[in-house]
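Visitor: Below: one structure in structure tokens.
The numbers here are math on the coordinates, done by the rules we state, and not lab data. Computed from a predicted structure; not experimentally measured. As a convention, Cβ positions derive from the backbone with ideal geometry for all residues, glycine included, and neighbour counts pool all protein chains shown.
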């Protein structure tokens, strides 16, 4: 398995979780079902249903970038380099690409900092 993820269903930690695995090469489905059955038995739960499917190749990085929509906070318009639409002339555009050190700009700390800078700029220098 190249990647494995698990998800709460409906935000309820007591509900059964969904586990997804992704593999770039074909694998033994029977071995996966046996491993899941052994793990379920070891923790005392009913063996969950295992389903298999295929996905068409996809540009996951591009798909993820497209999900980051620009945000406006005060006088600022924060966007990534993937943004192809016209920038608003009434805003100060900040191009920030989501990455390890800085996300999409959607986090409340980022919005709070931009709002504070905007407020300070409107207020002007202290006398």
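Visitor: So for the chain, considering every pair of alpha-carbon atoms, how many percent are separated by more than 23 Å?
Guide: Percent of Cα pairs beyond 23 Å in the chain: 58.
Visitor: With both bridge residues required to lie in the chain, what share of the DSSP beta bridges run antiparallel, to the nearest 5%?
Guide: Details: 9 of 13 bridges.
Beta bridges within the chain, antiparallel portion: roughly 70 percent.
Visitor: Would you mind ranking 60, 17, 83 so that the residue whose beta carbon has the fewest other beta carbons within 10 Å leads the list?
Guide: Fewest-to-most ranking of 60, 17, 83: 60, 17, 83.
Visitor: Please report 1, 113 as a ranked list, fewest other C-beta atoms within 10 angstrom at the top and most at the bottom.
Guide: Numbers: 1 10, 113 13.
Ranked by crowding around the Cβ, least crowded first: 1, 113.
Visitor: Taking the number of other C-beta atoms within 10 Å as the exposure measure, put 26, 39 in order starting with the fewest.
Guide: Working: 26 7, 39 12.
So the ranking, lowest neighbour count to highest, is 26, 39.
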